Amino acid sequence: MTMQVSKPMRVAIFGATSGIATAVARRYAESGARLVLVARDQASLTAAAADLEVRGAAEVEVQEADFARTADIPATVAAAWTRFDGLDLAVVAYGTLPDQQEMEAESAKAEQALVLNFLSPALLCGELAHRFEARKSGTLAVISSVAGDRGRKSNYVYGAAKGGLQRYLEGLRHRLFAAGVQVLDIRPGFVSTKMTAHLSQKGPLWASPDQVAADIVGAIQKRKEVLYTPWFWRWVMMGVRNAPGPLFHRTSL
Amino acid sequence: MTMWRQDYRSWGRTVSANHVVDRPENRDNATRALSESEFPVLAYGCGRSYGDVALNPGGRLIDCRSLDRFLAFNRATGVLTCEAGVRLADILAVICRPEADGSGWFLPVTPGTRFVTVGGAIANDVHGKNHHRFGTFGRHVLALELARSDGSRLVCSPEQNPDLFAATIGGLGLTGLILSATLQLRRVEGLAVEAEDIQFSSLSDFFDLAEASDRDWEYTAAWVDCLASGAHLGRGIYSRARHYPGKGVEPPGRNSRLSIPITSPIPATNSLSVRAFNALYWRKLGLNGQTSRIGSYEPVFYPLDAIGEWNRLYGPKGFYQFQCVVPHEQAREAVADMLRLIAQSGEGSMLVVLKTFGDLPSPGLLSFPRPGVTLALDFPERGTTTRKLLRLLEEVAVAAYGRLYPAKDSLMTPDAFRQGYPSFEQFQPMMDPRFSSAFAQRIGLIKGEAQL
Ligand SMILES: Cc1cc2nc3c(=O)[nH]c(=O)nc-3n(C[C@H](O)[C@H](O)[C@H](O)COP(=O)(O)OP(=O)(O)OC[C@H]3O[C@@H](n4cnc5c(N)ncnc54)[C@H](O)[C@@H]3O)c2cc1C
Ligand SMILES: NC(=O)c1ccc[n+]([C@@H]2O[C@H](COP(=O)([O-])OP(=O)(O)OC[C@H]3O[C@@H](n4cnc5c(N)ncnc54)[C@H](OP(=O)(O)O)[C@@H]3O)[C@@H](O)[C@H]2O)c1
């Protein structure tokens, strides 16, 4: 990574204790960045901050937030933005992977999932967007998912939220193009984190958080718009998206 | 919902076992996983132990690799505190970076692979090529935090809970789960090393070289051509290295550059390739019989780390390691006997390593190293003939008042363990009653399947 020595990069991570976000934060810490970590659990935040400082972060600030409380989002973003007087990069990483069948049975569960995976990150990105726009620089990197590429019976509530987020980011990118702000839509496949700990996590489709983090940092540097990570998911999802209805409906995807 | 899985294996891949696996994200969850487990438990690090010390068939494994946070590092004193799942490779990459004058903080002790966790390094009280100068890893542990199955968390150090501290260093994971540790790193004037390789043509030449080198070289070990016999018995290549003041090097990568994606369906290490390897390796230094270089420590300390999962080359049946130490007085004779047995057996080994241990004591009760000479080898599993040879080697080692290294072992007998580790009687009361391992059961440290 090539970064300025004189002015360390300012990075905020929303959902900083996520497996993928932790790996991303470590990479920026090792290049000497200043970091604002935002997450809901104070103990995990404190431990993450100590870790990142040993790894080389110039400075680490922590901030508590429950992203399910959408009313708090403007204040959360305002606070993170002012820690180091502006940001060069904001990473949005929080999310949940709830049980599809439970959500079919209980609307309240589906509502929670839609709020946390779509409404909340969309509002948060909106708050960040006008700040980046005013500065005419910066990067907004948001983790959606390959699950957002097509609705499937096994997880369409999560998929719809992530798909909605993809559309939202697409629109923001269109809007922020003029200001020169990068909007990166990150679409991981299967990643071994605590979100997927209940699955067997074996086989060639599974990636480590660090592999995905390396791709994310690379895509931010190259100012990409959409990142499939690992790379082969672009082709896998192209197949899934283009599978004709009669065939698709007979699969158990 | 209990999910049994078979993908947690030993490095030698000779055994597979069913486990329930937890991978706690933090120390609180790890502590809870112990006390809430309905099965006997055991910690698992990187699985770099060759035998069954890290396996717990029919029980629960706590995979410690997500306990990977650094907690504090003092640049002035070199005191590092980190969680137990941090790997030595991570410490090298994050902490052991060269300063402007080439100097830096360094691992006081490192085994022949950097892909081991701090917890695993403590539990086997690992040693490196500098044992004669720095002793075992455990000597550099200032304190550790141990979780026990009753839900308690204890700080153990030479001052606090000293008995538990001594039992946990080299304690094979049986005294509880190490959550974090405080290590004293070592200052070196140059992170680079100056390394020499020298051919020697007999066992007695090895002993002479070792004696001469241990004085001025902090890292020493030798490779032995195990197929040479008669007048050539014990010929090999002696490697020695020391830090080179004023020259820094970047740390090696956090992962292997290459990897073996699948298990080779037939062992790539058949007798022909072993023969070819030994013959070629013996000649690698050319006519001079000696080479010297200054540079990274990676090829000197971690030659095998270049290729990830190289253990798969041994095929689906896997392979055995054998490592013993015998006291100096018996060493010449015992090592010669063992090499003769190996040459006669025709069970070739590629990686035969000979090294002298120094007399710095370890704080650990069951620590393997002791003053003397250590011999390590590996053999592809070929069934009863391989096991018979390993039994014979054990007999020679035990008769010479030696002992076997649990981290490398799959076949040690309970008798050999009791004779080699007489402190086991002090150790047993320190064990956590809900902990278990395949090794502990095999060796008789624990009776029966589950101890609940
Ligand atoms: C190529 C290679 C070279 C090697 N060279 C050397 C060498 O030169 N010298 C040497 O001494 N060894 C050497 N070894 C062996 C290796 O260093 C040890 O087996 C080491 O302990 C492996 O660490 P691990 O993290 O993989 O632990 P594992 O193999 O997963 O576990 C080892 C033991 O540690 C326990 N354990 C793991 N984590 C914890 C924890 N958090 N709390 C309590 N107990 C725990 C386990 O229960 C088990 O008993 C080598 C191994 C390989 C593959
Ligand atoms: N893992 C995969 O296979 C995969 C695949 C595609 C996309 N993704 C996406 O990648 C992102 C990161 O996930 P991950 O895999 O790293 O999983 P993870 O480790 O489980 O991270 C999810 C994070 O979201 C946080 N979170 C959930 N609800 C929250 C709330 N109400 N308030 C604050 N924080 C909340 C969690 O906080 P706590 O730490 O406090 O629990 C957790 O840190 C998610 O958006 C996920 O949807 C993951």
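The values are calculated or read from the model by the stated rules, or taken from the named source; none is laboratory data. Remember, it's a predicted structure, so these values are computed and weren't measured experimentally. Every residue, glycine as well, gets a Cβ built from its backbone with ideal geometry; the counts of neighbours run over all protein chains shown. Ligands, DNA and RNA are stripped out before the accessible areas are found, and what is left, the full protein with its side chains, is counted by its heavy atoms. Shrake-Rupley method; radii C 1.70, N 1.55, O 1.52, S 1.80 Å.
Evaluate the following for residue A:47: is it without any contact (Cβ under 8 Å) to a residue 24 or more places away in the chain and within 14 Å of chain B (Cβ to nearest Cβ)? It is true that residue A:47 is without any contact (Cβ under 8 Å) to a residue 24 or more places away in the chain and within 14 Å of chain B (Cβ to nearest Cβ).
For residue B:325, the requirement of being of a type in the set (A, V, I, L, M), open to solvent by less than 40 Å² (accessible area, probe 1.4 Å) and in contact (Cβ under 8 Å) with a residue 12 or more places away in the chain is met. Kindly indicate whether any position in region B:104-117 is within 30 Å of residue A:52 (Cβ to Cβ), in a loop (DSSP other than H, G, I, E, B) and in contact with a Pro (Cβ under 9 Å, 6 or more places away or on another chain). Within region B:104-117, one or more residues are within 30 Å of residue A:52 (Cβ to Cβ), in a loop (DSSP other than H, G, I, E, B) and in contact with a Pro (Cβ under 9 Å, 6 or more places away or on another chain). For region A:92-129, residues that are over 23 Å from residue A:190 (Cβ atoms) and at pLDDT below 95 total 0. Condition check for residue A:96 on (1) surrounded by 17 or more Cβ atoms within 10 Å (Cβ to Cβ); (2) within 13 Å of ligand 2 (Cβ to nearest atom); (3) of a type in the set (S, T, N, Q): one failure, at (1).
What number of residues within region B:121-136 are crowded, with 24+ Cβ neighbours inside 10 Å and under 20 Å from residue B:253 (Cα atoms)? So the count comes out to 1. If residue A:102 passes every condition in (1) under 14 Å from the mean Cα position of the chain (by Cα); (2) surrounded by fewer than 19 Cβ atoms within 10 Å (Cβ to Cβ) but one, which one does it miss? The number of the failed condition is (1). All of A:111, A:102 fail the test of being farther than 25 Å from residue A:249 by Cα and among the acidic types (Asp, Glu), apart from A:111. Of the residues making up region B:43-59, just one is aliphatic (A, V, I, L, M) and more than 10 Å from residue B:438 (Cα to Cα), namely B:43.
Does region A:53-66 contain any residue that is within 19 Å of the chain's Cα centre (by Cα), surrounded by 23 or more Cβ atoms within 10 Å (Cβ to Cβ) and not in a loop (DSSP other than H, G, I, E, B)? Scanning region A:53-66 turns up no residue that is within 19 Å of the chain's Cα centre (by Cα), surrounded by 23 or more Cβ atoms within 10 Å (Cβ to Cβ) and not in a loop (DSSP other than H, G, I, E, B). Just checking, does region B:84-93 include any residue being within 25 Å of residue B:54 (Cβ to Cβ) and of a type in the set (D, E, K, R)? Yes, region B:84-93 contains a residue that is within 25 Å of residue B:54 (Cβ to Cβ) and of a type in the set (D, E, K, R). For region B:337-378, the candidate set comprises residues that are at pLDDT 95 or above and over 20 Å from the mean Cα position of the chain (by Cα); within that set, the residue that is farthest from residue B:281 (Cα to Cα) is B:337. The condition of being modelled with pLDDT of 95 or more and within 16 Å of ligand 2 (Cβ to nearest atom) holds for residue B:32. Can you tell me which residue is nearest to the other protein chains (Cβ to nearest Cβ) among those in region B:69-93 that are among the β-branched types (Val, Ile, Thr) and open to solvent by 10 Å² or more (accessible area, probe 1.4 Å)? Result: B:81. Filtering region A:207-253 to residues that are over 17 Å from residue A:187 (Cβ atoms), open to solvent by 30 Å² or more (accessible area, probe 1.4 Å) and among the aliphatic types (A, V, I, L, M) leaves only A:247. The residues of region B:231-264 that are closer than 30 Å to residue B:333 by Cβ and outside any loop (DSSP other than H, G, I, E, B), listed by number, are B:231, B:232, B:236, B:237, B:238, B:239, B:240, B:241. Comparison of B:97, B:9 shows that the only residue that is open to solvent by 50 Å² or more (accessible area, probe 1.4 Å), more than 15 Å from ligand 1 (Cβ to nearest atom) and touching a residue at least 12 places away in the same chain (Cβ under 8 Å) is B:97.
Among the residues making up region B:41-56, those that are in contact with a Cys (Cβ under 7 Å, 6 or more places away or on another chain) and not hydroxyl-bearing (Ser, Thr, Tyr) are B:43, B:45.
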